[in-house]
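Okay, so here's the structure we're looking at.
The values are calculated or read from the model by the stated rules, or taken from the named source; none is laboratory data. For clarity, every value in this text was computed on a predicted model and none was experimentally measured. FYI the Cβ positions are ideal-geometry reconstructions off the backbone, even for glycines, and counts take in every protein chain you see. Heavy atoms of the whole protein, side chains included, go into the accessibility calculation; ligands, DNA and RNA do not. Shrake-Rupley method; radii C 1.70, N 1.55, O 1.52, S 1.80 Å.
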Amino acid sequence: EDQVTQSPEALRLQEGESSSLNCSYTVSGLRGLFWYRQDPGKGPEFLFTLYSAGEEKEKERLKATLTKKESFLHITAPKPEDSATYLCAVQAVPQGGSEKLVFGKGTKLTVNP
Amino acid sequence: ETGVTQTPRHLVMGMTNKKSLKCEQHLGHNAMYWYKQSAKKPLELMFVYNFKEQTENNSVPSRFSPECPNSSHLFLHLHTLQPEDSALYLCASSLQEAGVEDEQFFGPGTRLTVL
């Protein structure tokens with residue numbers, strides 16, 4: 001069974017204090033790993049897709065990396081507007097079914113000014 | 001704006017009511033999804049439609065009934081719900097085309113409360 005575990009559950013940072021969020025996964029065959037940001041009362045907003053170990057993608061203060069077992073979302077010099085819940089999801093190579101996403105519970109990030 | 005809209009945004013219903021949630025995507029996508037998001041739990045996939053055909057039913061109780069009349073519209077019909085069905089219901093869509101990066105785009109969700 002495909003599984004996604006995110007840690008920590010919650011993270012408080014001071015503005016400018018860099019850190020990383022972790023997403024560990026087990027999947028029969030990885031087709032893609034997705035990072036989303038979700039603000040309270042809103043739907044998840046797509047950030048990145050990673051497909052193979054060693055791949056990295058960046059967007060503003062965020063950088064996502066991927067290994068064969070986990071992904072990290074690095075946040076450099078965060079600002080209060082980066083506060084949100086960050087969701088990780090994996091998509092397995094389809095085996096007779098649809099290519100569904102399996103989500104983790106998310107990491108709630110709070111950045112204090 | 002992600003190009004996926006959902007109505008209503010908030011819904012309160014009794015256990016004997018019948019209501020419907022509506023989702024519309026303006027992205028030209030071929031696949032549409034219903035998810036349930038409860039507190040402290042991961043997003044749970046409920047249904048998947050590809051080109052209007054249901055391809056996934058994730059063991060969802062029959063009191064939830066999806067309908068996909070075309071590739072742009074998706075409905076979730078609700079009847080005789082239970083209080084534990086209270087949650088945020090999210091609709092998503094994706095291109096679902098071979099060889100193309102296939103992220104899912106989500107709507108803002110419908111916050112459902114069952115009394």
Could you please give the count of residues in the range B:68-107 that are among the charged types (D, E, K, R), within 21 Å of residue B:26 (Cβ to Cβ) and loosely packed, with under 15 Cβ neighbours inside 10 Å? 2
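Please specify each residue of the range A:31-52 satisfying the condition of being touching a Pro at 6+ places or on another chain (Cβ under 6 Å) and free of Cβ contacts under 8 Å to residues at least 12 places away in the same chain.
Just the residues of the range A:31-52 that are touching a Pro at 6+ places or on another chain (Cβ under 6 Å), to begin with: A:36, A:38, A:42-43.
Answer for the range A:31-52, where residues must be touching a Pro at 6+ places or on another chain (Cβ under 6 Å) and free of Cβ contacts under 8 Å to residues at least 12 places away in the same chain: A:42, A:43.
So which residues in the range B:36-62 are aromatic (Phe, Trp, Tyr) and exposed (fewer than 15 other Cβ atoms within 10 Å of the Cβ)? Break it down stepwise before answering.
Restricting attention to the range B:36-62, the residues satisfying the condition of being aromatic (Phe, Trp, Tyr) are B:47, B:49, B:51.
Scanning the range B:36-62 gives a single hit, B:51.
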Take the residues in the range B:1-16 that are modelled with pLDDT under 95 and open to solvent by less than 60 Å² (accessible area, probe 1.4 Å); name whichever of them is farthest from the other protein chains (Cβ to nearest Cβ). B:14
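Name the one entry in B:20, B:65, B:38 that is touching a strand residue (DSSP E or B) at 6+ places or on another chain (Cβ under 6 Å), touching a residue at least 12 places away in the same chain (Cβ under 8 Å) and within 11 Å of chain A (Cβ to nearest Cβ).
Values: B:20 fails: within 11 Å of chain A (Cβ to nearest Cβ); B:65 fails: within 11 Å of chain A (Cβ to nearest Cβ).
The match here is B:38.
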State all residues of the range A:10-52 that are out of contact with any Lys or Arg (no Cβ under 7 Å at 6 or more places or on another chain), open to solvent by 60 Å² or more (accessible area, probe 1.4 Å) and assigned to a loop (DSSP other than H, G, I, E, B); if no residue qualifies, say none. A:17, A:18, A:28, A:40, A:42, A:51, A:52
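When you scan the range A:53-113 for strands (runs of 3 or more DSSP E) that lie fully inside it, which ones turn up with 1 or more residues that are free of Cβ contacts under 8 Å to residues at least 12 places away in the same chain? Break it down stepwise before answering.
On the way: elements: A:56-59, A:62-66, A:70-75, A:84-92, A:101-103, A:107-112.
Those strands (runs of 3 or more DSSP E) span A:56-59.
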Within the range A:53-78, tally of residues that are small (Gly, Ala, Ser) and open to solvent by 40 Å² or more (accessible area, probe 1.4 Å): 3
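For the range A:71-93, name all the residues that are hydroxyl-bearing (Ser, Thr, Tyr), within 22 Å of residue A:41 (Cβ to Cβ) and over 9 Å from the mean Cα position of the chain (by Cα).
Of the residues in the range A:71-93, the ones hydroxyl-bearing (Ser, Thr, Tyr) are A:71, A:76, A:83, A:85-86.
Checking which are within 22 Å of residue A:41 (Cβ to Cβ) leaves us with A:83, A:85-86.
Result: A:83, A:85.
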Just checking, how many residues over the range B:85-113 are touching a Ser or Thr at 6+ places or on another chain (Cβ under 8 Å) and either among the polar types (S, T, N, Q) or modelled with pLDDT under 95 (or both)? 8
